[in-house]
Amino acid sequence: MDAQPNSPEARDIRYHLHAYTNARKHQETGPLVIEKGDGIYVEDAAGNRYIEAMAGLWSVAVGFSEPRLVEAAARQMAKLPFYHSFSSRSHSPLIDLAEKLVLMAPVPMSKAFFTNSGSEANDTAIKMIWYRSNALGQPQRKKIIARKRGYHGVTIAAASLTGLPSNQTSFDLPIANVLHTASPHYWREALPGESEEQFSTRLAGELEQLILAEGPETVAAFFGEPVMGAGGVVVPPAGYWEKIQAVLAKYDILLVADEVICGFGRTGAMFGCQTYGIKPDIIVMSKQISSSYLPISALLINDRVFEPIADESNRIGTFGHGFTGGGHPVAAAVALENLNLIEERDLVGNARRVGAHMQERLRRLAVHPLVGEVRGVGLIAAIELVADKAAKAPWGSVGALGGLVNGLLQDNGVITRNMGDALAFCPPLIITEKQVDLLMQAVEQALDAAA
Ligand code: PLP
């Protein structure tokens, strides 16, 4: 990139280390600097408009220009810009949000706990689980099982849960006590001739074998996203969650549903747990909780988790955990208004209706020579790109084709994200059918250009 001296691009290259970026290559290619948002669109410094087909980072449910969230933030900022929840202190936005989340939970939940990011929330879940095991007099019950291809964040514990090599290589992760079982990626990992049900049965069997090999009394919890996001939008195969939950119940293992992407409408129901009949003990939520206008995340815990925590904190004198910004009043006020908007405007229904249209349009692409699989539910989907459909083989190295099509789309005014060769679509929940059609036209053009 020939960045003008002192331009935002030049200063970005000079001063900023990017998240999830090849830091050396960035010195040559430079950033895409986004300046403005408008509905499902964002605009760069040169005035180019893009359909934000990833809702930012799977997160901006209400679009990029919602005045009611701006007003909610301004009102709360003027009234009480900061307070916290340490030592029994509280404030109205936090109380209102805790009540709302517990009441809207897909299964009976007892309490909400607030954090700032999905990673912190997952770290917190692990700490709660360990604390609980100690409270129950089961100090050996500390192992956590997550899944290959799962994504739970990047802090030391959350990155250990994450089952993707790039989050662990050279970071000396995972930490002890975190194990990984198979991913439910049917298209990629089923045996020849295996049905979805058979694949799910095999995976549940593998989970049970892992639990037995480790010793069931040492396994505390299982973490999973209802639909895997960053692992390539992996939709669970038929029977998967039912069979996995039967194994967990057999050995009294807690289930943590990471709803950071699925939560608040993405799958066409308020929670992914409802779409797939999941009954967790802990729900982790973030992103669409506030449409990411401000950072906030939360855990909902049931009485199986809360009661022992209450006992142990009583024994020690405190539950020694919490973040300065956890349940920040401005973020909580924005989250509340955002959840009100999702309900008032029936954005969950929109995700279901317009999502069905998006899924149908994407499935038409299955015949394209570069498309190996189309998968998704509601307003989340991926197309897996291949050079050879029969062999499911990549084009050169894994990610080369995904990167190429992603780049072509950006040149044509669409921002998406390729995870390897899986190209993801996760637009704001406000998207219309007409806008989906525009998006799909651009995708078809990019695929044809790459073919
Ligand atoms: N869990 C899931 C399912 C996610 O998709 C993400 C982020 O993409 C996280 C956790 C981590 O969230 P954060 O980036 O806010 O730490």
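No value in this document is a laboratory result; all are computed from the given coordinates. Everything numeric in this text was worked out from a predicted model, so none of it was measured. FYI the Cβ positions are ideal-geometry reconstructions off the backbone, even for glycines, and counts take in every protein chain you see.
Annotations
- Per-pair calculated FRET efficiency, R0 = 22 Å: residue 217 and residue 246 via Cβ, rounded to 0.05: 0.70
- Separation between Cα centres of the stretch 80-124 and the stretch 231-276, rounded to whole Å: 22
- 3J(HN,Hα) along the stretch 223-232, derived from phi through the Karplus expression 6.51 cos²θ - 1.76 cosθ + 1.60 where θ = phi - 60°, amounts to 10, x, 7, x, 10, 5, x, 5, x, x Hz, with x in place of Gly and Pro.
- Longest site-free stretch - the chain; sites: trypsin sites (Lys or Arg not before Pro), DSSP loop, at most 14 other Cβ within 10 Å: 90-344
- Cα-projected label distance for residue 166 with residue 111, points at 7 Å along beta-carbon direction, nm: 3.8
- Only helices enter the 222 nm calculation for the chain: every DSSP H run of n ≥ 4 contributes -39,500 (n - 2.57), and dividing by all residues gives -12500 deg cm²/dmol, rounded to 500.
- Residue-span extension gain [residue 360 to residue 441] - 0.36 nm each, minus C-alpha spacing: 27.8 nm
- Given 287/389; 25/434; 25/389; 279/434; 100/148; 142/279, the pairs whose alpha carbons are separated by over 29 Å: 287/389; 25/434; 25/389; 279/434; 100/148
- Backbone geometry of the stretch 136-150 corresponds, through the Karplus equation with coefficients 6.51, -1.76 and 1.60 at θ = phi - 60°, to 3J(HN,Hα) couplings of 7, x, 10, x, 7, 8, 10, 6, 10, 10, 10, 10, 4, 6, x Hz, x marking Gly and Pro.
- Karplus-derived 3J(HN,Hα) values for the stretch 290-302, using 6.51 cos²θ - 1.76 cosθ + 1.60 with θ = phi - 60°, are 10, 6, 6, 5, 9, x, 7, 9, 8, 10, 9, 10, 8 Hz; glycine and proline are entered as x.
- Assuming charge only on the beta carbon of Lys and Arg (+1) and of Asp and Glu (-1), the dipole of the stretch 69-344 about its Cα centre is about 400 debye to the nearest 20.
- Ellipsoid semi-axes in whole angstrom, largest first, where each is sqrt(5λ) of the Cα gyration tensor of the stretch 69-344: 31, 22, 16
- Placing R0 at 25 angstrom, the Cβ-Cβ distance between residue 3 and residue 36 gives a FRET efficiency of 0.80 after rounding to 0.05.
- Treating r as the C-beta distance of residue 88 and residue 176 and R0 as 56 Å, the FRET efficiency rounds to 0.95.
- Label point at residue 319 placed 7 Å out along Cα→Cβ; residues across the stretch 266-303 whose backbone nitrogen lies under 16 Å: 281-285, 297-303
- Compared with the alpha-carbon gap, the fully stretched path from residue 197 to residue 310 is longer by 36.6 nm at 0.36 nm per residue.
- Based on Cα contacts under 8 Å between residues 6+ apart, the chain shows a relative contact order of 20 percent.
- Counting neighbouring beta carbons within 10 Å and listing from fewest to most, the residues 267, 201, 169 come out as 169, 201, 267.
- Residues 172, 281 in ascending order of nearby Cβ atoms (within 10 Å, fewest first): 172, 281.
- Stretch gain in nm, segment residue 102-residue 49, where the contour uses 0.36 nm per residue and the Cα spacing is subtracted: 15.2 nm
- Long-range HN-HN contacts of residue 181 with modeled amide H, under 5 Å: 146, 147, 148
- A DSSP coil position with no more than 12 other Cβ atoms inside 10 Å describes the following chymotrypsin sites (Phe, Trp or Tyr not before Pro) in the stretch 33-135: 82.
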